[in-house]
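> What follows is a structure written as structure tokens; I'll ask about it next.
The values are calculated or read from the model by the stated rules, or taken from the named source; none is laboratory data. Since this is a predicted model, take the numbers as computed values, not measurements. Counting neighbours? That spans all protein chains shown, and the Cβs are built from the backbone with ideal geometry, glycine included. All accessible areas refer to the heavy atoms of the entire protein, side chains included, with ligands and DNA or RNA removed. Shrake-Rupley method; radii C 1.70, N 1.55, O 1.52, S 1.80 Å.
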Amino acid sequence: MSKPIIGINCDYKPVARNTPAFAYLAAGYFQSIYNAGGIPLVVPPMDDPESIKQALDHVNGFVMIGGGDLDPRNDGFMLHPSVRPMDPKRETSDRLLIAEIAERRMPILGIGCGMQLLNIQEGGNLFLHIKEDLPNAVPHMDPHDPNHRHTLEVESDSLVGRVFGDGEIRVSSRHHMAIDEVAPGFRVTARCPDGVIEAIESEMMDWFAIGTQFHPECAAASALDMRIFEEFVDGVRLHAEQDLRLVA
Ligand SMILES: N[C@@H](CCC(=O)NCCCC(=O)O)C(=O)O
């Protein structure tokens, strides 16, 4: 197969007094896909389900990027004082994307709030503020250090387990929310030693879906972080080749 095409959503900043509205994403997201042998295709925020479906017709897999907070009111919860909702234009588009990706069982890598949205979409839920919900947790973000890291414990029989193997693992962490109840059909494959969930993956035979709370795309990513993208792009390629054989 030629290179798999991997869709990526992006963030959105509305027009301000002296600046136009922007759609943007950290370069690490598309660069990591490109370096792993995929072709990144950025999908800007859209609010029309048919446009979302047509865009997804042109990609083999999807990466849901990190960003601000998902608005808990969209899932029937109260707004928490610590929650800084992402722009509604982005969240509306992300929720349309994740619903269609789930419907199609399209291969997906959710990162940060992308993993949180995957978990919510499939019936799980979130802690809205680690500091309150898990007071004994270690810091999972440092406003003064974008490269804040913490250690990780992985399940060996998982994608992150294959990638990181044994030995001490330190990953980039920038979050104050976290998965509480894991969605049905998914399992936890990595935790911070304080118990905070740091990776999930699908147990369903028909869906290659993984999520990381940590950021393997970050500027300080290690070679092992990069392997997450290589495993994902290889999985997307395999899935696409299987699809081609089915229709042949
Ligand atoms: N905002 C949520 C999700 C965490 C997340 O996606 N962090 C990324 C920060 C922005 C970026 O660098 O892309 C939370 O805090 O839990």
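> Can you find, within segment 130-150, the residue that is surrounded by the most Cβ atoms within 10 Å (Cβ to Cβ) among those that are within 9 Å of the ligand (Cβ to nearest atom) and either part of a loop (DSSP other than H, G, I, E, B) or at pLDDT below 95 (or both)?
Filtering first and then ranking leaves His140.
> Within the bounds of segment 98-115, is there any residue that is over 16 Å from Ala199 (Cβ atoms), of a type in the set (A, V, I, L, M), away from the ligand (no atom under 11 Å from the Cβ) and open to solvent by 30 Å² or more (accessible area, probe 1.4 Å)?
So far as segment 98-115 goes, yes, one or more of its residues are over 16 Å from Ala199 (Cβ atoms), of a type in the set (A, V, I, L, M), away from the ligand (no atom under 11 Å from the Cβ) and open to solvent by 30 Å² or more (accessible area, probe 1.4 Å).
> Out of the residues in segment 47-66 that are in a loop (DSSP other than H, G, I, E, B) and either among the hydrophobic types (A, V, I, L, M, F, W, C) or in contact with a Gly (Cβ under 7 Å, 6 or more places away or on another chain) (or both), state the one that is farthest from His175 (Cα to Cα).
In this case the residue turns out to be Val59.
> Looking at (1) farther than 27 Å from Tyr34 by Cβ; (2) more than 10 Å from the ligand (Cβ to nearest atom), which is the one condition that is false for Leu118?
The one condition Leu118 does not meet is (1).
> Moving on. State which residue is surrounded by the most Cβ atoms within 10 Å (Cβ to Cβ) when the search covers only segment 151-177 and only residues that are of a type in the set (S, T, N, Q) and closer than 23 Å to Ser82 by Cα.
Looking at the filtered set, the residue picked out is Ser173.
> So the check is Cβ under 9 Å with 6+ separation or different chains; which pairs have a first residue in segment 163-181 that's more than 13 Å from Thr151 (Cα to Cα) and small (Gly, Ala, Ser) and a second one that's modelled with pLDDT of 95 or more and within 10 Å of the ligand (Cβ to nearest atom)?
Partner pairs satisfying both residue conditions: Ala178/Gln116; Ala178/Leu126; Ala178/Phe127; Ala178/Ile130; Ala178/His140; Ala178/Gln213.
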